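Visitor: Have a look at the structure that comes next, please.
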Amino acid sequence: MLGQGLVLGLIGVALGAAGALALTRLIRGLLFGISSFDPLTFVVMAALLTAVTLAACWVPARRATRVDPMVALRYE
């Protein structure tokens, strides 16, 4: 469960980073005082989004492991 969610999150981060790099050329004229390609910002945001994805997958998976299978089967 965690692996599947993390793979989807990493694909999203990769596509988002590629899109952000492509769009920085369009907004270069609007940025004042900072460069359009700041590697620290890209790395920190990718790490933060990956951590959020991991937490979003881990919490429901942890809750699901605490449910007794017989109780879950009887419920349905």
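Visitor: In nanometres, what is the gap between the two model label sites at residue 68 and residue 56, each 7 Å from Cα along Cα-to-Cβ?
Guide: In this crude spin-label approximation the distance works out to 3.4 nm.
Visitor: Taking the solvent-accessible surface of protein heavy atoms with a 1.4 Å probe, what is the per residue accessible area of the chain in Å²? Spell out each step's value before the answer.
Guide: Values: 6340 Å² over 76 residues.
Ligands and nucleic acids excluded, the figure is 83 Å² per residue.
Visitor: Same structure again: What chymotrypsin sites (Phe, Trp or Tyr not before Pro) in the chain are in a loop by DSSP, with at most 12 other Cβ atoms within 10 Å of the Cβ? Spell out each step's value before the answer.
Guide: Working: sites: 32, 37, 42, 58, 75; in loops: 32, 37.
Loop-located and lightly packed - 32, 37.
Visitor: Select from the chain those trypsin sites (Lys or Arg not before Pro) which occupy a DSSP coil region and have at most 10 other Cβ atoms within 10 Å, ordered by residue number. Each step should come with its number before you reach the end.
Guide: Values: sites: 25, 28, 62, 63, 66, 74; in loops: 66.
Qualifying residues, ordered by number: 66.
Visitor: Relative contact order for the chain: what percent, with Cα pairs under 8 Å and sequence separation of 6 or more?
Guide: Normalised by residue count, the contact order of the chain is 49 percent.
Visitor: Quick one, which of (1) 1.67; (2) 0.98; (3) 1.37 is the actual Cα Rg over 2.2 N^0.38 Å calculated for this model?
Guide: Correct label is (1).
Visitor: Is the C-alpha gyration tensor of region 33-76 telling us rounded, prolate or oblate? Criteria: a/c under 1.5 is rounded; beyond that, a/b larger than b/c is prolate, otherwise oblate.
Guide: prolate
The values are calculated or read from the model by the stated rules, or taken from the named source; none is laboratory data. In this text the structure is predicted, and so the values were computed from the model without any measurement. Virtual Cβ from ideal backbone geometry, glycine too; neighbours counted across all protein chains shown. Accessible surface is based on the protein model in full, side chains and every heavy atom, while ligands, DNA and RNA are left aside. Shrake-Rupley method; radii C 1.70, N 1.55, O 1.52, S 1.80 Å.
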